[in-house]
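Undergrad: Below you'll find the structure I mean.
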Amino acid sequence: MLSAPPRQGPSSVLHFVAGMAAVALVYVLVFKLNAWLFSVAKITDHISWIFLPAAIRMLAVMLLGWAGVAGLYIGSLSLLGSMFEFDPVGALIVAGLSSVPCLIAARVVQRLFRVRTDLAGMTGRQLLVFGVAGGFLSSGLHTLYFAYAAQSLAPVEGFVPMFVGDTLGTFIVLYLGALVINRVLPPAKED
Amino acid sequence: MPSNKKESSLLYFKFLNLVAATRRLPGIPEIDAVEDRILAFLARSWYAGERISVVEAMNGMPEISPTTVQRRLKALRFKGLLQVENDQQDNRLKYVQPTELSMRYFAALGQCMRKAQAD
């Protein structure tokens, strides 16, 4: 289900690297934008009641698969700069938790709803389920890791804002995207 | 120079010399001017009872670049002059805390002030 990308030619490698770089860049930019726009909703620097980058995570893995995961990993790692200095192993794990679970969630939901690999025929409702599943898995695994690292149940309190933030953030981006698409490309009228 | 000003200057020079001597005391790790500046910045927050995160410390001193602060925080931690604690909810968030040694260092500086005034 989560097989590594097949061996391909140089142009595929180039596509992979370009996709990865674009995702890393967009993820970091949206993260900064989120911190600026929703500073009142923030719990910590990485937990907010509205977390727009969650949408980037979902879209990146749905569109680019492993290239999206790699981009998210690099983007997350760069945002964990100060953590990396003091807890490098923890930073590597947390960056993994910000990227891989999104692909797992996407693949599981894709199978569950029998969505084609090219995403053809996917409904809006299914897209929302992708967002909720990604948010749930990512928040759940982050919380479990934090609880394990702290050897305490205190991090469990962070699960709700993380999950709500991821879900809300994904919904906001999806609906804004839908709004823009409808404005720019209005559906063709049938005569 | 009026004697009042002269006395004040003398007091200050005595203080500087005492601080320099204190820094050479056994058990006190060597710290440079940048580390001293960072410690002073942190000490003000600690004294006010504030918790200061690594990121806040990195961005709190406009005269020192965030990367330098980050590197020096790591060095100060290595020297035992500060410790880093995780946030209870989110272990990505790290707080900088004083140690026994940093408190001893601040106390030694305080003694320098008293000594300079008393002599």
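The values are calculated or read from the model by the stated rules, or taken from the named source; none is laboratory data. Not measured: the values here are computed from a predicted model. We place every Cβ from the backbone using ideal geometry, glycine too, and count neighbours over all the protein chains shown.
Undergrad: Which of the following residues is more than 14 Å from chain B (Cβ to nearest Cβ) and either more than 15 Å from the chain's Cα centre (by Cα) or farther than 16 Å from A:VAL173 by Cβ (or both): A:ILE74, A:ILE43?
TA: Sole residue among the options that is more than 14 Å from chain B (Cβ to nearest Cβ) and either more than 15 Å from the chain's Cα centre (by Cα) or farther than 16 Å from A:VAL173 by Cβ (or both): A:ILE74.
Undergrad: Moving on. Where residues in the range A:93-124 are under 19 Å from the mean Cα position of the chain (by Cα), more than 15 Å from A:GLY135 (Cβ to Cβ) and not in a loop (DSSP other than H, G, I, E, B), which of them is modelled with the lowest pLDDT?
TA: In this case the residue turns out to be A:GLY124.
Undergrad: Here's another thing I want to ask about it. Return yes when A:VAL160 is among the hydrophobic types (A, V, I, L, M, F, W, C), without any contact (Cβ under 8 Å) to a residue 40 or more places away in the chain and under 18 Å from A:TRP49 (Cβ atoms) and no when it is not.
TA: Yes, satisfied.
Undergrad: If B:LYS115 satisfies every condition in (1) assigned to a helix (DSSP H, G or I); (2) within 14 Å of chain A (Cβ to nearest Cβ) but one, which is the exception?
TA: Exception for B:LYS115: condition (2).
Undergrad: Being within 26 Å of B:LEU73 (Cα to Cα), modelled with pLDDT of 90 or more, surrounded by 22 or more Cβ atoms within 10 Å (Cβ to Cβ) and out of contact with any Cys (no Cβ under 8 Å at 6 or more places or on another chain) is the requirement here; does A:SER76 meet it? First the steps, then the outcome.
TA: Numbers: within 26 Å of B:LEU73 (Cα to Cα): yes; modelled with pLDDT of 90 or more: yes; surrounded by 22 or more Cβ atoms within 10 Å (Cβ to Cβ): yes; out of contact with any Cys (no Cβ under 8 Å at 6 or more places or on another chain): yes.
Yes; evaluated as a whole, the condition is true for this residue.
Undergrad: Any residue that is in a helix (DSSP H, G or I), of a type in the set (D, E, K, R), free of Cβ contacts under 8 Å to residues at least 40 places away in the same chain and buried (at least 17 other Cβ atoms within 10 Å of the Cβ) - is there at least one of those in the range A:32-48?
TA: no
Undergrad: Does A:ILE56 count as in a helix (DSSP H, G or I), β-branched (Val, Ile, Thr) and within 14 Å of another protein chain (Cβ to nearest Cβ)?
TA: The answer is no for A:ILE56.
Undergrad: Next question. Those residues that are assigned to a loop (DSSP other than H, G, I, E, B) and at the interface with chain B (Cβ under 10 Å from one of its Cβ atoms), I need them from the range A:130-152; list them, please.
TA: The answer is A:SER152, and nothing else.
Undergrad: Could I ask something else about it? Being farther than 30 Å from A:ALA150 by Cβ and not in a loop (DSSP other than H, G, I, E, B): is that true of B:ALA40 here?
TA: yes
Undergrad: Hey, among the residues in the range B:72-96 that are free of Cβ contacts under 8 Å to residues at least 40 places away in the same chain and in a strand (DSSP E or B), which one's surrounded by the most Cβ atoms within 10 Å (Cβ to Cβ)?
TA: B:ASN86
Undergrad: Would you confirm, using the coordinates I've provided, whether A:GLY19 is under 23 Å from B:ASN86 (Cβ atoms) and either crowded, with 18+ Cβ neighbours inside 10 Å or not basic (Lys, Arg) (or both)?
TA: no
Undergrad: Filter the range B:49-66 down to residues that are outside any helix (DSSP H, G or I) and not β-branched (Val, Ile, Thr), then give me how many there are.
TA: 9
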